[in-house]
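Quick notes on the structure that follows.
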Amino acid sequence: MRRSLLSALTAAALCAVPAASASAQTRRIVIDAGHGGTDPGGTGTGLQEKNIVLDVSNRFKQLLDADTADTGRGGTWVALRTRTSDTFVSLAARAAFANNQDADRFMSIHSNAFANPSANGTETFAFAEGGQGAAMRNLVQAEMIAAWGRTNRGNKVANFAVLRETAMPAELHELAFITNAADEDFDVFVDMFR
């Protein structure tokens, strides 16, 4: 049985504790729902990326809050979000928010889109190879692939502002392609928007 999206992200968040804060009781995570407001992100098959990733981000926060309330489980979290509604937040403001919160990690949630509708799968980015950001990227990608069995597009490096400008380990993941009918049929999208 495939694990849910939120279970995969939570497992990755739990395991991706930077060494400096591994012994800390409370972990601070900034959850970034990509795009928003006037920026819809990718669009396809009747869906907009900004709506998908906001819903995933809100559910992810709820799961981390529940984990915190359950003292017998994984951990204690302060889960913060760069946006909580369909609003535009600049890339610089997203990174500045995370830095000002003294977060332990930054997880940016996206869904992919491409002009060629055959493009499919899941991929995860870090700013550079090596270090805790790349280790977290690798773990997030591994958890998502293990949970869903989607096409593994790999662990990648990109000069994205939210990865470059954040002071803590950061990753950006692309859940699946909303422009691909098979990916769009994937539970991530169906459970939320059908």
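Assess whether ALA142 counts as being under 18 Å from PRO169 (Cβ atoms) and either in a helix (DSSP H, G or I) or at pLDDT 95 or above (or both). Can you show your working first?
Values: under 18 Å from PRO169 (Cβ atoms): yes; either in a helix (DSSP H, G or I) or at pLDDT 95 or above (or both): yes.
When the stated conditions are applied, ALA142 passes them.
Can you tell me which residue is nearest to LEU54 (Cα to Cα) among those in the stretch 156-172 that are surrounded by 23 or more Cβ atoms within 10 Å (Cβ to Cβ) and not aliphatic (A, V, I, L, M)?
Among those that are surrounded by 23 or more Cβ atoms within 10 Å (Cβ to Cβ) and not aliphatic (A, V, I, L, M), it is GLU171.
Kindly list the number of the only condition in (1) in a helix (DSSP H, G or I); (2) farther than 22 Å from ARG59 by Cβ that fails for GLY154.
Condition (1) is where GLY154 drops out.
Which of the residues belonging to the stretch 51-65 are open to solvent by 20 Å² or more (accessible area, probe 1.4 Å) and either under 19 Å from VAL89 (Cα atoms) or of a type in the set (D, E, K, R) (or both)? Quick ask: steps written out before the conclusion?
First, pick out the residues of the stretch 51-65 that are open to solvent by 20 Å² or more (accessible area, probe 1.4 Å): 51, 54-55, 58-59, 61-63, 65.
Selection gives ASN51, LEU54, ASP55, ASN58, ARG59, LYS61, ASP65.
Of all the residues that make up the stretch 96-115, how many are of a type in the set (S, T, N, Q) and at pLDDT 95 or above? Please lay out each step first, then the result.
Keep residues of the stretch 96-115 that are of a type in the set (S, T, N, Q), which gives 99-101, 108, 111-112.
If we keep only those that are at pLDDT 95 or above as well, we get 99-101, 108.
Residues that pass the stated criteria total 4.
Looking at the stretch 20-50, which of the residues that are of a type outside the set (A, V, I, L, M) and within 14 Å of the chain's Cα centre (by Cα) is nearest to ASN99 (Cα to Cα)? Step through it out loud before you land on a result.
Here is the first cut: in the stretch 20-50, the residues of a type outside the set (A, V, I, L, M) are 21, 23, 25-28, 32, 34-46, 48-50.
With the extra rule that they be within 14 Å of the chain's Cα centre (by Cα), the set shrinks to 32, 34-35, 49-50.
Numbers: ASP32: 13, GLY34: 17, HIS35: 19, GLU49: 25, LYS50: 23 Å.
Ranking the candidates gives ASP32 first.
Provide a single number: the residues in the stretch 94-143 that are surrounded by fewer than 19 Cβ atoms within 10 Å (Cβ to Cβ) and touching a Phe, Trp or Tyr at 6+ places or on another chain (Cβ under 6 Å).
Residues that pass the stated criteria total 1.
Looking at THR84 and the list (1) touching a residue at least 40 places away in the same chain (Cβ under 8 Å); (2) out of contact with any helix residue (DSSP H, G or I) (no Cβ under 6 Å at 6 or more places or on another chain); (3) within 18 Å of ARG28 (Cβ to Cβ); (4) surrounded by fewer than 21 Cβ atoms within 10 Å (Cβ to Cβ), which single condition is not satisfied?
In the conditions (1) touching a residue at least 40 places away in the same chain (Cβ under 8 Å); (2) out of contact with any helix residue (DSSP H, G or I) (no Cβ under 6 Å at 6 or more places or on another chain); (3) within 18 Å of ARG28 (Cβ to Cβ); (4) surrounded by fewer than 21 Cβ atoms within 10 Å (Cβ to Cβ), THR84 misses (1) alone.
The values are calculated or read from the model by the stated rules, or taken from the named source; none is laboratory data. What you are looking at is a predicted structure, and each value in this text was computed from that prediction instead of being measured. Because the Cβ atoms are built from the backbone with ideal geometry, glycine has one as well, and the counts that use them run over all protein chains shown. With ligands, DNA and RNA removed, areas are computed over all heavy atoms of the protein, side chains included. Shrake-Rupley method; radii C 1.70, N 1.55, O 1.52, S 1.80 Å.
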